[in-house]
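Here is the structure we will look at.
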């Protein structure tokens, strides 16, 4: 459990909450409040080595952003794309020495610019990123890159990695929320899914980002690892 409130001379503050409920132990969360870097990585399938892929992706992306952090808002999406691509390559290289499996990756990087806060995001696989925008609406930024039980785009597979096509940059405002979850939270079929209306109700009913993250994993129906990161922008 992690929660941090970053305060500065800027009007807007960032609060983060993290919750994990592990069944198979293949989810990894990245929360670095200093870098304002957050991510969820879900090792794919029942391969016990997939945790290694998720860990390696998280470590590589963190290291890449730390080395190459660019304060330019416009360059931040490319910085994430490069970091995810580097993680994919590292997993592929490592797999020539030992089994490491494959993983999803949904990553968010916040950047302050004067009194504004911007969100750069990128996603591969079936983990998800949601945003509550300036109008108060909760929408999905990323979509599910899977068909049936198969994830069609993932890090670490030379056959099933098709690049990072899901990425973007958006300005955040007072009362904005960013939600990053593994598919264990949102589900994968009609029986075990949490629809966006369900997520919205949980978020609106939670007083803090930490409580919201915990409620998301508690309300999830899928028999799987469940990881949720919630970021709130507040004045």
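Derivation of every value follows stated rules applied to the coordinates shown; laboratory data play no part. The model shown is predicted, which means the values in this text are computed figures rather than measured ones. With ideal geometry, Cβ positions are generated from the backbone for all residues, glycine too; neighbour counts draw on all protein chains shown.
Just from its helices, what would the mean residue ellipticity at 222 nm be for the chain, if runs of 4 or more DSSP H residues each count -39500 (n - 2.57) and the sum is divided by every residue, rounded to the nearest 500 deg cm²/dmol?
Details: 5 runs with 62 residues, N = 235.
Rounded to the nearest 500, the figure is -8500 deg cm²/dmol.
Once you sort the root eigenvalues of the Cα gyration tensor of region 48-90 as a ≥ b ≥ c, which label holds: rounded (a/c under 1.5), prolate (a/b larger than b/c) or oblate (the other case)?
Working: a/c = 3.34, a/b = 2.54, b/c = 1.31.
Here region 48-90 falls in the prolate category.
Would you please put 209-219, 86-96 in order of how densely packed they are, using the mean number of other Cβ atoms within 10 angstrom per residue and starting with the highest?
On the way: 209-219: 21.5, 86-96: 18.5.
In decreasing order of mean packing, 209-219, 86-96 become 209-219, 86-96.
Averaged across orientations, what area in nm² does the convex hull of the alpha carbons in region 135-235 project?
Working: hull surface 29.9 nm².
So the mean shadow area of the Cα hull is 7.5 nm².
When only C-alpha pairs under 8 Å and at least 6 residues apart count, what is the relative contact order of region 7-234, in percent? Before the final figure, lay out each step's value.
Working: 555 pairs, mean separation 61.2, N = 228.
RCO, region 7-234: 27 percent.
Could you work out the relative contact order of region 11-130? I mean the mean sequence separation of Cα pairs under 8 Å and 6+ apart, divided by the number of residues, in percent. Intermediate values should be presented prior to the final figure.
Working: 202 pairs, mean separation 33.6, N = 120.
The value is 28 percent.
In Å³ and rounded to a whole number, note down the convex hull volume per residue for the Cα atoms of the chain. Don't skip to the answer; put the middle values down first.
Working: hull volume 25.3 nm³, N = 235.
Cα-based convex hull of the chain, divided per residue, equals 108 Å³.
Bins of 10 Å, beginning at zero and ending with the bin holding the largest distance: percent of Cα pairs per bin for region 102-158, please.
21, 42, 25, 11, 1
Exposure proxy check: 110, 12, 22 ranked by fewest other beta carbons within 10 Å? List each step's numbers first, then the result.
Details: 110 22, 12 19, 22 14.
Listing 110, 12, 22 from fewest to most nearby Cβ atoms yields 22, 12, 110.
Sorted by packing (mean other beta-carbon atoms within 10 Å per residue), highest first, where do 118-127, 143-152, 171-180 land? Could the numbers behind the result be given before it?
Values: 118-127: 25.9, 143-152: 13.6, 171-180: 20.7.
By packing density, highest mean first, the sequence is 118-127, 171-180, 143-152.
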